[in-house]
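In what follows, a single structure is set out as structure tokens and then discussed.
The values are calculated or read from the model by the stated rules, or taken from the named source; none is laboratory data. All values derive from a computational prediction rather than experimental measurement. For neighbour counting, all protein chains shown are included, and Cβ atoms are generated from backbone atoms with ideal geometry for every residue, glycine included.
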Amino acid sequence: MAVRLSESRDYLAEHFMSRLSLAEVADVALLSQFHFHRLFTARYGMTPQKFKTQQRFERAKKLLIEGNHSVTEIAFELGYESPTTFTTLFKKRFGMSPSEFRFHACRAYALGKIWGPKYVPHCFAGTWFGAV
């Protein structure tokens with residue numbers, strides 16, 4: 001049972017951008033929709049829909065930090081119907097708008113708060129500390 005739930009979670013994680021029905025994901029686990037929803041929620045502490053939403057927000061945070069995409073582009077890429085909806089949900093979840101998140105995350109990175117000198121990747125060490 002645990003393996004089938006894990007496979008369905010992995011399937012959800014891989015296809016979080018798709019419009020999956022509960023029936024499709026339950027079929028991956030070879031369970032009825034009701035039974036799948038109940039077991040998934042008990043095992044992972046969230047509903048399949050909340051798990052899917054969590055995956056979308058993790059992707060959004062990654063795009064905000066790493067890319068030069070606008071908030072509008074990110075909203076549409078993640079399947080939101082409008083940037084306003086995305087911004088509202090993001091702010092509700094993280095307590096700040098996507099633009100504020102990007103600003104604070106980039107600032108924290110620039111100040112070395114994310115990676116202290118102890119955790120600087122090798123590829124950056126030569127540039128930051130004068131090593132060759």
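The figures follow:
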quantity: Test for residue 8: is it surrounded by 14 or more Cβ atoms within 10 Å (Cβ to Cβ), under 23 Å from residue 58 (Cβ atoms) and at pLDDT below 95; calculated: yes
quantity: Subset of the stretch 31-54 (residues that are crowded, with 18+ Cβ neighbours inside 10 Å and within 19 Å of the chain's Cα centre (by Cα)); calculated: 40, 48, 51, 52
quantity: Extreme residue, farthest from residue 17 (Cα to Cα), among residues of the stretch 65-74 that are assigned to a helix (DSSP H, G or I) and either without any contact (Cβ under 8 Å) to a residue 24 or more places away in the chain or in contact with a Gly (Cβ under 6 Å, 6 or more places away or on another chain) (or both); calculated: 66
quantity: Hits in the stretch 64-87 - residues which are within 22 Å of residue 106 (Cβ to Cβ), surrounded by fewer than 16 Cβ atoms within 10 Å (Cβ to Cβ) and among the hydroxyl-bearing types (Ser, Thr, Tyr); calculated: 70, 72
quantity: Unmet requirement for residue 41, which otherwise passes all of (1) assigned by TED's automatic domain parsing to the domain that holds residue 15; (2) in contact (Cβ under 8 Å) with a residue 60 or more places away in the chain; calculated: (2)
quantity: Residue tally, condition surrounded by 13 or more Cβ atoms within 10 Å (Cβ to Cβ), under 19 Å from the mean Cα position of the chain (by Cα) and either of a type in the set (Gly, Ala, Ser) or over 24 Å from residue 81 (Cβ atoms) (or both), over the stretch 12-28; calculated: 1
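Every residue, every condition in (1) without any contact (Cβ under 8 Å) to a residue 24 or more places away in the chain; (2) in the same structural domain as residue 1 (by TED's automatic domain parsing); (3) part of a helix (DSSP H, G or I); (4) touching a Gly at 6+ places or on another chain (Cβ under 9 Å), yes or no:
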site	(1), (2), (3), (4)
30	no, yes, no, no
35	yes, yes, yes, no
63	yes, no, yes, no
76	yes, no, yes, no
84	yes, no, yes, no
